[in-house]
Each structure stands twice: as structure tokens, then as C-alpha cells.
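None of the figures in this text is laboratory data; all of them are computed from the coordinates on show. For clarity, every value in this text was computed on a predicted model and none was experimentally measured.
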Amino acid sequence: MGKNKTIFVCSECGNESTKWLGKCPACNSWNTFYEQKVVDTKSTNRSKEMRSNKPQTLNSYEAKETIRTSTGFAELDRVLGGGLVKGSLVLLGGEPGIGKSTLILQICDKIKGDGKVLYVSGEESAEQIKMRADRLGINNDDILFLGETDIDVVNQAIIDINPKLVIIDSIQTMYSEEITAAARKC
Ligand SMILES: [Zn+2]
């Protein structure tokens, strides 16, 4: 863990300062500065090293067919361009009540491949999701449930379990201890 640094950010315009200011010099708003902790991690250490990356001819690259995992639903696989890509992120959006949670649970049940599915819920309880699973006739020991909103705890669970699929329901309920002001801005 690197050393922590504190900066102050104007909630009106995003202007940053190393000191707390009563009035923002950029947008002239009063009392808009809030403290934000910045954690120095690998990313900043990395920037100190010289990165070497040189252009190469496109022809020198090999076109590898991306390995995709079937969700178990042909229509959904088609929407995803042939299934889920390992290491990729898919954002599932839509109006409340259109069936996102139901679809997600069905994917958890039907997705191909070895390994567990980690279902992280920051909104609904395990009991609520179990009720939905029962209603859908889903009885699958590969689905693990974690009721959590701390993204660092979720991250550790992912490292421990190494699941084939992680569901985060929903992403806006997650927060990080390392970015203290994040939840306030949303
Ligand atoms: Zn400002």
C-alpha cells in the first residue's frame, strides 16, 4: 500500500487544490471544497518508469479468435457478439421492472464453463434473491451469494474464488474506502 495523499476538490467545477479553500478560485463558489484521499498505488509508480511501446506493422500481429463463453441463451449470445469474452465487462441497463434481475439469475444458472458464479448484491438480500431463484426453478450449487457494497471486499472475494462470472447488482451501490468522496458525488 502506498502513501495516502489528500487533495481538495470543488464539488461545483472539479477544481483541485492541495489546501482547503472557502471560495473556489475557478468558479467562485463558496464552501464547495471537500476532502478527497488519493491512494498512491502501482499506477503512479508505473508512470515514473519509462514505458516502452513502439508501433509495429499491423501485419506482424496475429488475429486470434476471441474465446467466448456461451451464456446459455442463444439470443443473448448473439447480442454479445457470440457470448461473453473472458475478462470483459458488460453493463446491463434498463428500466426498473423489465426483468434484469431475472435474466441475470438465469445467466448465472445457464452459463457454460467450469467454476463458480459470484453474485454480489448491494441492494437485495440473499433471501430475496433465493426467493427469485426458487420461483425460476433454479437450484445451482455453483452460484455463490455475497451481500456487499464495499468494492474492496468484493475484489478480495473475486481473488479468493476466481469465479467464471461475477454479477454486481448494481454497480452504483458499490463504494471504495480508498476514494472517500466518491459516494457523495454520485
Ligand atoms: Zn469550483
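The angle between the Cα long axis of helix 126-135 and the longest principal axis of the Cα atoms of the chain comes to about 30 degrees, rounded to the nearest 10.
Where Rh denotes the Kirkwood radius from the mean inverse Cα pair distance, what is Rg over Rh for the chain? Please report the intermediate quantities before stating the final value.
On the way: Rg = 21.6 Å, Rh = 20.3 Å.
Checking Rg against Rh, the ratio lands at 1.07.
Computed over the range 132-183, the P(r) tail beyond 17 angstrom holds 46 percent of alpha carbon pairs.
Pairwise inverse Cα distances across the range 92-173, averaged and inverted, put the Kirkwood hydrodynamic radius at 13.0 Å.
For the chain, the longest principal axis of the alpha carbon atoms and the long axis of helix 151-161 meet at an angle near 40°. Taking Thr18, Thr66, Thr57 in turn, the Gaussian network model of the chain (Cα-Cα springs below 10 Å) assigns the largest fluctuation to Thr57.
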